[in-house]
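The values are calculated or read from the model by the stated rules, or taken from the named source; none is laboratory data. What you see is a predicted model; the values in this text were computed from it and never measured. Note that we place each Cβ from the backbone using ideal geometry, even for glycine, and neighbour counts take in every protein chain shown.
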Ligand SMILES: [Zn+2]
């Protein structure tokens, strides 16, 4: 059934054999007949024209390509072995699931209007001088050709609460869970170092150089709007200094990851929630705005304004401020003399427990590259989002039913994997995480795992 007769666009996340992302490619096909009587130049693109865009890959200029070309793209019309050769080439030389023989997917088909498909092909072929430049703005009154690329809709994870469902992978705080392949559509590179005031120390955070897509609502940002949004997010990140434990800050790799996270659409939205609560408790004089520590007033349980059901408080306890800490400190769960904290309820990076009132995220100083048990590649920014999913700013998904849970397995972990970690992985070209292990004990499988859970 194809009542609308839309064209198709299939994204391919090409990965190295060790599971790290390499680049994104895409194929446009099933373009219908052009409207008659139109003078739009892109209507010269004939029905059935196909496009393969593969910038950053080795296929187009290889002997495996029947239409060998040095460009970023190739177009054709009619029967061709290009796409089957393309899939075979990357399956043999890169990561095998691209061939479609393995469970889950790192290729995603979406629909695209015939007109958008035509403008894309015409723009890459003609307007950009045949160089395949997705940043070309000539045809779309200032917007780049890449703005025609549709997003990938990630499935809603059963058990999420309405307030947090469709967490903002696109932009804004209420839009659907649509993600964009980041390296194809990035409009910002995080390559400027930034200083953070942590206690009495000024710490320089080194940028990772990560490509990021920054959007605002569903519109395409202009140059000036993008510059303003970058500055706003960087300033918001700099406010986080008061939320970092002054005696036990996360290690440099995590601070750098938190910086990347702060610049992303979903991380910026998360930090807005965190800082809104912080501003509230400062206004209530429970936390000192200069130090981020509990005031004398805040240390008195009688001054805690929230009910015992509130995620921010345990019964008859003071308000528990949210902190980012190093596991070297946080793993003891004991507060430190002179900080005003009696204890930390925390989530340890990639293990530990799901408490909606969780007070801190505790980061292992030297994180692993692969998950024990599964051997799946770890993407640190996705781990940060996973942990925030467990936090009072996220959604533990206690009613989660959409996964295969093992006996005594932890459904809230699989929820964090599917609702928070996997969308971030998919945006950046990582395969979804299929499993969750506690150490080497399998807890269950994500919604991307088809077939039986090992
Ligand atoms: Zn977790």
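Here are the numbers:
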| quantity | calculated |
| --- | --- |
| Some residue of the stretch 376-383 being closer than 18 Å to residue 325 by Cα, modelled with pLDDT of 80 or more and within 13 Å of the ligand (Cβ to nearest atom) | yes |
| Single condition residue 362 does not satisfy, out of (1) away from the ligand (no atom under 14 Å from the Cβ); (2) crowded, with 20+ Cβ neighbours inside 10 Å; (3) modelled with pLDDT of 65 or more | (1) |
| Odd one out for residue 231, checked against (1) more than 21 Å from residue 202 (Cβ to Cβ); (2) at pLDDT 95 or above | (1) |
| Every residue from the stretch 19-61 that is within 26 Å of residue 182 (Cα to Cα), touching a strand residue (DSSP E or B) at 6+ places or on another chain (Cβ under 9 Å) and assigned to a loop (DSSP other than H, G, I, E, B) | 19, 20, 30, 31, 54, 55, 56, 57, 59, 60 |
| The stretch 404-420, subset buried (at least 23 other Cβ atoms within 10 Å of the Cβ) and either in a strand (DSSP E or B) or free of Cβ contacts under 8 Å to residues at least 40 places away in the same chain (or both), residue farthest from the ligand (Cβ to nearest atom) | 414 |
| Some residue of the stretch 1-18 being on the phi > 0 side of the Ramachandran plot, surrounded by 14 or more Cβ atoms within 10 Å (Cβ to Cβ) and not in a strand (DSSP E or B) | no |
| Every residue from the stretch 281-296 that is under 24 Å from residue 202 (Cα atoms) and surrounded by fewer than 16 Cβ atoms within 10 Å (Cβ to Cβ) | 289, 290, 291 |
| Single match in 52, 4 (criterion: at pLDDT 95 or above and more than 25 Å from residue 451 (Cβ to Cβ)) | 52 |
| Any helices (runs of 4 or more DSSP H) falling wholly within the stretch 179-280 and containing at least 1 residues that are in contact (Cβ under 8 Å) with a residue 60 or more places away in the chain and crowded, with 21+ Cβ neighbours inside 10 Å | 252-263 |
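Per-residue answers, yes or no, for (1) at pLDDT 85 or above; (2) more than 28 Å from the chain's Cα centre (by Cα); (3) within 16 Å of the ligand (Cβ to nearest atom):
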site	(1), (2), (3)
278	yes, no, no
284	yes, yes, no
348	no, no, yes
357	no, no, yes
